[in-house]
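Any read-out appearing in this document is the output of simple, stated calculations on the displayed coordinates, not a laboratory observation. Values in this document were obtained by computation on a predicted structure and should not be read as measured data. Here the Cβ is made from the backbone with ideal geometry for all residues, glycine too, and neighbour counts use every protein chain on show.
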């Protein structure tokens, strides 16, 4: 775009100047051709003048030759006459020659040339007639000669004079024509010149206006640029000042960083030791985890054994419960028998009592049987109690075995979970070991890096010093830039652009 | 002093009563003990024919409320009296645990009374028998001879077997 604009501005200027040059050249060419034409016409006019002049002198010669021929009659003196004759002859020759020369010299005017040729013919005729006249004079026949003049020579002369006059008219007319042409050419030249001149002036004015505008625009832009330059240089100056302070801060920071690097190196060494000990402890933990896993596997096996045994216990308990029930039944029947025995004993006692003195021994027996049945009853009651206790215990055992089964299941689950946890733990420990290893190696790298940092910090220090120097130079350069902007501004103000 | 005198007098009176009872029934007696509602009762064994299970009891319509029904006892049909209803005691229904005491008097009146459990046959001294307290239900006191010191109530079997209330004859 900018290029295009630049080209456009340049192209406009160049085109305008080319236009001016072309217009000037055209004007010059037109003027030159007009002048050429005028010159030519003027030449022709001078030629025509010379022809007129020649014609005038020819007429004078012709008149003089007529006067001479007429004087031949009047002259008495022969010698004088002879002399005049010779003179006349010479005159006639000269006239012929002059007409010939003129006729040959004429070019471009065919009419005039023809009229001159006609005059030559007329002159030759006239000379021939005069020769007749001269013969008459020589013979001394003056009257006849005079008569000849009146009859022959005078009409010829008149004819000649008329022809000359006619030619003169033609010449004058031609001259007038040429003069007119000349005036026209001049007017044309003046018109063209004024036209071209005005075009030139217009072009020049427009170019001037355009250039002035461009100049104003350029100067405005330059002024803006100078403003920006001034501002920018101010900004740059402040920035450089900041940079300068920044550079000093950088120097301080570099010193601090160097100290910090030393500290970090020490820390890295400590971290390395720690990582090493972490690695050792992770290895220990790893073996512990493996042991724990093995123990858990044993626990799982034990749990499974417990499960099997619990199932066995459960079956046994069920059997026990069944046997208990059967014992209960037996006990119940024993109790029933005891009851019946009791009743029988009572009845026996009743009978014995009725027997009176004879039944006394029987009473004792009945009492014994009764006691036995009571004992049996009590025993059955005790057995029943015991059976109840057993039943209760069995029920409790069943509940406990159920709970134990559940507990064993839960324990198995828990152990499996623990196993998983230990697995995860082992994995984590592996990762931790890897991490510790990586930490250790990165610590090594870190320490190596730290060793590299120290010279790098030195380099930074040097670079920052160079930087500070460069900033000083930049400051000076910016000041110069600033003053340059000021002087540019002054120049612009001075030229009032 | 006055109180002491009163107490002495009362003691003497009570001692006199005991002597009276001892004079009235002045010999040991063999009794069958049984229980009703956790209370021990006793009956003179002379009136007891036998004791038995209650295998099956058949209710008889149109009988008094205390007659629980009839029982087949080795081919003999005897009526069973619910003594609790008769004595207006708390009724708890009959179970297999209940026993029947078959009573028999001199005039061959045979019937059974239902008790909760049969106790022992023992000799009791009638001299230790006491009068039943006045607050005993009248339905009970009618058939009570007295109370032994061990709180066993002695039933009057003779009265029971001869009672018009129980023995209904045309």
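Summary of values
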quantity: Residue-span extension gain [residue A:362 to residue A:454] - 0.36 nm each, minus C-alpha spacing; calculated: 20.4 nm
quantity: Residues listed by number, the range B:30-52, amide nitrogen under 20 Å from residue A:355 label point at 7 Å toward C-beta; calculated: B:30-32, B:45-52
quantity: Averaged over B:30-40, number of beta-carbon atoms from partner chains that fall within 10 Å; calculated: 1
quantity: Ranked list, fewest to most other Cβ atoms within 10 Å of each Cβ, for B:8, A:81; calculated: B:8, A:81
quantity: Approximate spin-label separation residue A:495-residue A:151, in nm, with each point projected 7 Å along Cα-to-Cβ; calculated: 10.3
quantity: Sites residue A:124 and residue A:63 - FRET efficiency at Förster radius 22 Å, r taken between beta-carbons, to 0.05; calculated: 0.75
quantity: Hydrodynamic radius by Kirkwood, which averages 1/r over all alpha carbon pairs of the range A:115-270, in angstrom; calculated: 27.7
quantity: Whole-number percent relative contact order across the range B:27-162, with pairs defined as alpha carbons under 8 Å at least 6 apart; calculated: 30
quantity: Length-normalised contact order of chain A in % [C-alpha pairs under 8 Å, at least 6 apart]; calculated: 23
quantity: Extent along principal axes [Cα atoms of the range A:368-440; Å; largest to smallest]; calculated: 98, 17, 7
quantity: Rounded tilt (10° steps) of A:360-495 against the dominant C-alpha axis of chain A; calculated: 20
quantity: Candidates B:44, B:125, B:150, ranked by Gaussian network fluctuation over chain B, Cα under 10 Å, top entry; calculated: B:150
quantity: In nm, spacing of pseudo-spin labels at residue A:283 and residue B:123 (7 Å Cα→C-beta vector); calculated: 10.2
quantity: Residue exposure sequence - A:77, A:121 - by fewest surrounding Cβ within 10 Å; calculated: A:77, A:121
quantity: The range A:2-204 pair-distance distribution - Cα-Cα, 10 Å bins, rounded %; calculated: 8, 24, 18, 13, 10, 8, 7, 5, 3, 2, 1, 0
quantity: Förster-model FRET efficiency, 45 Å R0, residue A:107 and residue A:212, C-beta, rounded to 0.05; calculated: 0.20
quantity: Square roots of five times the Cα gyration tensor eigenvalues for chain B, Å; calculated: 34, 16, 15
quantity: Cβ-based exposure ranking for A:180, A:412, in which fewest neighbours within 10 Å come first; calculated: A:180, A:412
quantity: Rg [Å, one decimal], Dmax [Å, integer] - the range A:256-486, C-alpha atoms; calculated: 47.9, 167
quantity: Calculated P(r) of the range A:1-116 - Cα pairs past 19 Å, %; calculated: 70
quantity: Theoretical ellipticity at 222 nm over the protein assembly as shown - DSSP helices of four or more residues, -39500 (n - 2.57) apiece, nearest 500; calculated: -29000 deg cm²/dmol
quantity: Estimated FRET transfer efficiency when R0 is 51 angstrom, pair residue B:106-residue A:409 (beta carbons, to 0.05); calculated: 0.05
quantity: Column: log10 I(q)/I(0), Debye, Cα scatterers of the protein assembly as shown, q = 0.05, 0.08, 0.10 Å⁻¹; calculated: -0.74, -0.97, -1.12
